Amino acid sequence: MSEIKIIDMKPETGEFKKEIIEGLKKNPKEINPKFFYDEKGSMLFEKITETKEYYPTRTERKILEDNIGEICTYFKEGSALFEYGSGGSKKTQIILNHCKQIKAYVPMDISISALQYSSHNIAAMYPSLNVVPMCVDYTKPFKIPFLDLEGNIIAIFLGSSIGNFEPETTSRFLQTCTEMLGPEDGVLVGVDLKKDKQVLEKAYNDSESITAEFNLNLIDRINREFRLNLDKSDFKHVAFYNEKKGRIEMHIEAGRDIILDLDGNKILLKKGERIHTENSYKYDIDEFTSLAVKNHLKVRKIWKDNNNYFALFLIGI
Ligand code: AVJ
């Protein structure tokens, strides 16, 4: 098996630290959810997807499986599959198993460990596929690699990761994705739909507390990056559905007054104060459609599950 080279555009640890300090100086305090995905965080996220309460992954997988024949028709001979936030590339295999026209796969992820693992795995499973992994923070502008392609490009952004963006950023993101696209190309986006509040809240408060561990893993990351010794038991995982904003919010709540010394920047966390660590926006079909249409994009196709829990949108120009 040939060695796979990862295109490394990963942010420096200094950049990470700078962003964390900036977020914790804000009022209210925040940490961008992309910081969840260090080695342990990526592993914990995979575990979340296997809990009985976290429905998005298995629902999306079922939609992919049930409609794979039709989805494949959008890939021309010699096409490329780009993937934002490829993680473990598990659902991607449904596509790669069926769409033999795909000749190149470009997984993009912020976690180098997830990329190393998944790209070797994929390359071993599909020996004739050109695998070009990129370690990149795709929430910022970056250059895509040049691929000598015969066919079209379909980019996929699965798992409702798009829900981490503010609605305005979502529009911009779709715009940027489609800027590299031609008339034959498309972006397949997984969108978590609005539904019963209890179902939503349980998905982010699983009974095995894996989501809590995932959220509080940020404390370990801060300890490591800033050489601190914070005690995780001083912090609490909080997740709830904010109905007005249409989003799940995750926070880390301080159980007592805590002073964080971030490279000399002293930050006080009062007892009960929260650090906002994630928004996960939920959409109606119409809301998401109008986001795309407002940006002069076309919704080519929508696939859903029977419960209307989750949708896959194929967006084109
Ligand atoms: C990877 C962003 C889609 O928002 O559901 C899972 C992350 N956070 N449990 C989501 C997550 C808590 C997940 N996304």
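The values are calculated or read from the model by the stated rules, or taken from the named source; none is laboratory data. The structure displayed is predicted, hence computed values, not measured ones. All Cβ positions, even for glycine, are placed from backbone atoms using ideal geometry, and neighbour counts span all protein chains on display. The protein model used for the area step is the full one, side chains on, heavy atoms only, and it has no ligands, DNA or RNA in it. Shrake-Rupley method; radii C 1.70, N 1.55, O 1.52, S 1.80 Å.
Observations on the model:
- Under 25 Å from residue 76, Cα to Cα: lysines that are on another chain or at least 8 residues apart: 62, 90, 91, 100, 103, 143, 298, 301, 304
- Sulfur and carbon atoms: percent of accessible area, the chain [1.4 Å]: 49
- Taking a straight line from the alpha carbon of residue 202, these lysines sit under 20 Å away, with near neighbours fewer than eight places off in the same chain left out: 47, 52, 194, 236, 244, 245, 282.
- P(r), alpha carbons of segment 37-80 - 5 Å bins starting at zero, rounded %: 5, 18, 16, 16, 15, 14, 12, 4
- Listed values for segment 90-97 are Karplus-derived 3J(HN,Hα) couplings in whole Hz (6.51 cos²θ - 1.76 cosθ + 1.60, θ = phi - 60°), namely 6, 5, 4, 5, 4, 5, 5, 5, and x replaces Gly and Pro.
- Charged side chains reduced to their Cβ positions (Lys and Arg at +1, Asp and Glu at -1) give segment 1-154 a dipole of some 300 debye around its Cα centre.
- Note on segment 110-240: dipole from Cβ charges, positive end direction compared against 138, 212, 183; the farthest Cα belongs to 212.
- Pairwise FRET efficiency - residue 317 versus residue 258, Cβ, R0 = 35 Å, nearest 0.05: 0.10
- Computed lengthening from residue 243 to residue 307, 0.36 nm per intervening residue step minus Cα-Cα distance: 21.1 nm
- Pair residue 271, residue 201: separation of 7 Å Cα→Cβ label points (nm): 2.5
- Local electrostatic count, residue 114, Cβ distance below 9 Å [Lys/Arg +1, Asp/Glu -1]: -3
- Extension gain, residue 126 to residue 236: 0.36 nm times the residue separation minus the Cα-Cα distance gives 35.3 nm.
- Net charge contributed by nearby residues that have their C-beta within less than 12 Å of residue 155 (K/R +1, D/E -1): -3
- Simple spin-label estimate for residue 50 and residue 149 gives 3.4 nm between the two label positions (7 Å along the Cα-to-Cβ direction from each Cα).
- Considering only 41, 258, 272, the residue lying farthest towards the positive end of the dipole of the chain is 272, judged by Cα position with unit charges set on Cβ.
- Axial C-alpha extent at least 15 Å, average Kyte-Doolittle at least -0.5 - helices from the chain (DSSP): 112-125, 210-226
- Taking every C-alpha pair closer than 8 Å and separated by at least 6 residues, the mean separation divided by the residue count of the chain gives a relative contact order of 22 percent.
- DSSP bridge analysis restricted to the chain gives an antiparallel fraction near 55%, rounded to the nearest 5.
- For the peptides 126-132, 60-66, residues were scored by their other Cβ atoms within 10 Å and the scores averaged per peptide; the highest-first order is 60-66, 126-132.
- Between residue 224 and residue 101, the modelled labels are 4.2 nm apart [label points 7 Å from Cα along Cα→Cβ].
- Computed lengthening from residue 140 to residue 176, 0.36 nm per intervening residue step minus Cα-Cα distance: 11.9 nm
- Rounded FRET efficiency, nearest 0.05, which uses the C-beta distance separating residue 66 from residue 5 and R0 of 51 Å: 0.90
- Solvent-accessible heavy-atom area per residue, rounded to whole Å², over the chain at 1.4 Å: 47
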